[in-house]
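Nothing in this text is a laboratory measurement; each read-out follows from the coordinates by a stated rule. Only a predicted model underlies this, so the values are computations on that prediction, with no experimental measurement involved. Methodologically, a virtual Cβ is constructed for each residue, glycine included, from the backbone with ideal geometry; neighbour enumeration extends over all protein chains shown.
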Amino acid sequence: MVENYSLEHHLDEVKKEKRRFENVFQSVSRMILDRPDAFEKKIVNGKTTYDFNVFRQGDKHIIGMYDELNSFVSFVKDAAEGGSSKEMAYVLVGEPGNGKTFLVDYLSSAYRNFISQEGNKRYTFRFQNLDKLNNKYGKITEIESQTFEDPMILALNLHGNREAGLEALEKQNFANKQIEKIDKNFRPLGACSDYILDDIREYCDGDVQKMLEFIKIVPIPISETRGTLTGKYAARDKITSSAKDLLGEESVQRILHIKDTSNPYRIDLRIGALARVAGGGIHFSDELFKNKKDLVQVYLGVIQNRFIEMDGFKWPLDTLIIATSNNNELNRFLSEKEEAPILDRCRMCFMPHNTNYLLQKDLTEYAIGSADKTTFAHKPLHIDPNLNYATSVATILTRLPKSDKLTSVEMMKLTAGEIAGEKSVKTLVEIIDNLKRETDVSKRFGQVGIGHRGMSRALQIQMESSETQEGECMFAKDIFRSLEQIVYDEVSDSSSRAKYLKDLDIAKGLYREQISKTLFNAFMDDPLAIEKDVMNYVNMVIGIDAENLGPDKMWRYKDPQTKEPKSIKIDESFIKSVEGRLGLNRKETQDSFRQTISKIYGQKVQNDENYNFMDNQSLVKAVVDVRLESDILGAASLAGALANRTNEENQKLYNKVLDVMVKKLGHCSTCAQKTIEYFCEKKDQE
């Protein structure tokens, strides 16, 4: 099939709705919202929010950022519907290493993929056969629209004015609704396209059919490396940066061919970053407020007027402008009050670090990397299965503020949507809302702490250490020493440094609880031993008052996970032993706790049939303690038996635990032995 490059064919395709004429905001909005299961509702930090599926695609997708994505989607949707956002830039402000650039890069990649699909492709036009125009363009025979203007813009301006262009569409049997929609996105042609079209019109004596012979419709190239459709401009130092980096400059080569020096095509816009994304693209300004004043002024004009302006010429822009800035640069910029007008043209989104430790596990996995790792000697480098948990919990705790109403661990659990004893998520909401009123953004929820880059550097420090290289394993406990080094190296404020070091000590205690579970599962020779025992307690509590409970104390129920009928024997002594460990020794408090457990289970199972109560740390610890007490006289006795292997029975227990850890729990011999050794010590116990 021979490709038809004519304007008539393009108009026919638009009329048949096989091609589209829409602005960039409409395209991005459609990419996000016009898809099956575009979003789902979620409860985040005690409030309902929306999770947009387009940002969760692929192996390395966006993690969390619920509030920021809701804000961005609202911004784009408002602009697509003609709201004030269409004359603004969207600026992500936050500490380094919290994912600002990653978010923009992901959005740009998703947009390139979206536009490359049939039906979404964007087109522009070229003027050809220019050698016929009385040698006005020398040896230049073809000129493409410098700003990748849409062919529909050319069609609307082809007849000399907007009204005539709309009448021409009516004659070509466009529906009234189509014409009305097209008219809303009307823009004048850019200076050079308008100038060249006038030359063609003059040569053809206004004959539209003859003029069409000079026009060729081509798809806009989609290229990350060439900066077309999606482009980035990173702030540079004050000496090397100039306005030409954004706008372009006069081309000596073109002047040699063009007779008329007033021809705007003598200016090469493609040298600048803006023209390459002007045809429905996304422009990313990295560290916007780090630019020198004249470039900030350029951005102000571009954002407000949506034109590239040079030497009195104008080229309309159809561009979504997204920028980033760290807090320090924004504060410095704010202190220069004469630059305030651009702030009125920016929708600021103050972006915190991720504060959900469950989501942080995915981010930590990104930092650890998916490729097989090796030592300097090219031997396989093992990853301790507890490394991710230890790293995630430690970094999250540094990002949480101090509060008199919640401990850091309670705050961490509530932020992840977990149970935190008797503390309510309403308290967390109150803390977050109060911090939003802080004029100093750095004091708001999640705005400070060890970021993704700091965490990645800590993992690098651990990887290069002699312990890791010699042991051929990244042992989880060692990450705390690396994180402490990051704090000493990079945190200059003494109070922040003291807080972070205290947070790391708390994280060590949580890690110790985690390995206690590991050792219990290993002792029971079952990777799911704790989970099963916790759920046994929960099911016993639910079944103890069941009407169908027989004299044999057997309760029969339907498992919500497998949908299979199950039976469980109610062991009241086990129930009371667990509740005793929780400090519930009176019948009233026991009944109240059991009602709470039943209520939580009923609520959680509706949304997650696999819910297992493993987030209820106090309940898990109580169950583990009871089981250890009954099987081996407590955790201290298990630690003592593993530490003192002078008798055959203890040595057998040690060998069994070590064997289960290696064969069933994902440990290697190095991290298994080190984990047991740390468990036997009395360090970092709460």
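5 Å is the cut-off here: which amide hydrogens, built 1.01 Å from N in the peptide plane, fall below it relative to Tyr123, excluding neighbours closer than 5 in sequence?
Ile220
Between Ile600 and Arg35, how high is the FRET efficiency from 1/(1 + (r/R0)^6) when r is the Cβ-Cβ distance and R₀ = 35 Å? Nearest 0.05.
Efficiency, rounded to the nearest 0.05: 0.55.
Divide by every residue of the chain the summed helix terms, -39500 (n - 2.57) for each DSSP H run of at least 4, and state the resulting mean residue ellipticity at 222 nm, rounded to the nearest 500 deg cm²/dmol.
It lands at -15000 deg cm²/dmol.
So the label point goes 7 Å from the Cα of Asp571 along Cα→C-beta, right? Which residues of segment 595-629 then have their backbone N under 17 Å from it?
Output list for this probe position: 620-629.
So for the chain, averaging the separation of alpha carbon pairs under 8 Å that are six or more residues apart and normalising by length, what relative contact order in percent results?
Working: 1018 pairs, mean separation 83.9, N = 686.
Relative CO of the chain lands at 12 percent.
Within 10 Å, count the other beta carbons around each residue, average over each peptide in 124-137, 588-601, and list them highest first.
Highest mean packing first, the order is 124-137, 588-601.
Looking at the P(r) of segment 480-565, how many percent of alpha-carbon pairs lie beyond 20 Å?
61 percent
For segment 357-508, take the alpha-carbon Rg, divide it by the Kirkwood Rh, and send me Rg/Rh.
On the way: Rg = 16.7 Å, Rh = 16.4 Å.
Computed over Cα atoms, the ratio is 1.02.
Given bins 5 angstrom wide, list per bin the percent of all Cα-Cα distances in segment 522-680, short to long.
With 5 Å bins starting at 0, P(r) equals 1, 8, 14, 18, 17, 14, 11, 9, 5, 1, 0.
Give, in whole angstrom and from largest to smallest, the semi-axes √(5λ) of the equivalent ellipsoid of segment 514-606, with λ running over the eigenvalues of the Cα gyration tensor.
22, 19, 14
Given the Cα atoms of segment 391-479, and with Rh set as the inverse mean 1/r over their pairs in the Kirkwood sense, what is Rg to Rh to two decimals?
My calculation of the ratio gives 1.11.
Testing the spin-label approximation: label points 7 Å from Cα along Cα→Cβ at Ala168 and Asn129. State their distance in nm.
Spacing of the two 7 Å Cα→Cβ label points: 1.6 nm.
So how much slack lies between Asn4 and Asn176, counting 0.36 nm per residue of separation and subtracting their Cα-Cα distance, in nm?
Additional length available on full extension: 59.3 nm.
Just from the alpha-carbon atoms, what are the Rg and Dmax of segment 1-75 in angstroms?
Reported Rg and Dmax, both Å: 17.8, 58.
I need to check one value: relative contact order of segment 357-508, counting alpha carbon pairs closer than 8 Å and at least 6 residues apart, in percent. Write down the numbers at each step before the final one.
Working: 173 pairs, mean separation 48.3, N = 152.
Result for segment 357-508 is 32 percent.
Compute the Rg to Rh ratio over the chain from the alpha carbon atoms, using the Kirkwood formula for Rh, and round to two decimal places.
Value, to two decimals: 1.09.
Where q = 0.09, 0.13, 0.16 Å⁻¹, what log10 of I(q)/I(0) comes from the Debye formula for segment 295-439, counting one point per Cα?
The calculated log intensity ratios at q = 0.09, 0.13, 0.16 Å⁻¹ are -0.54, -0.85, -0.97.
Based on the Cβ-Cβ distance of Lys656 and Met614, what FRET efficiency does E = 1/(1 + (r/R0)^6) give at R0 = 30 Å, to the nearest 0.05?
Rounded to the nearest 0.05, the efficiency is 0.80.
Filter the GluC sites (Glu not before Pro) in segment 360-457 down to the DSSP loop ones having no more than 15 other Cβ atoms within 10 Å, then list what survives. Please list the in-between numbers first.
Numbers: sites: Glu365, Glu410, Glu418, Glu422, Glu430, Glu438; in loops: Glu418, Glu422, Glu438.
Passing both the DSSP loop test and the Cβ count: Glu422, Glu438.
Which order, highest average first, do 569-576, 265-272 follow once you tally other Cβ atoms within 10 Å for each residue and take the mean per peptide?
Packing order, densest peptide first, comes out as 265-272, 569-576.
For segment 271-326, count the residues as N, evaluate 2.2 N^0.38 Å, and divide the Cα radius of gyration by that value, please.
After normalising by residue count via 2.2 N^0.38 Å, the value is 1.09.
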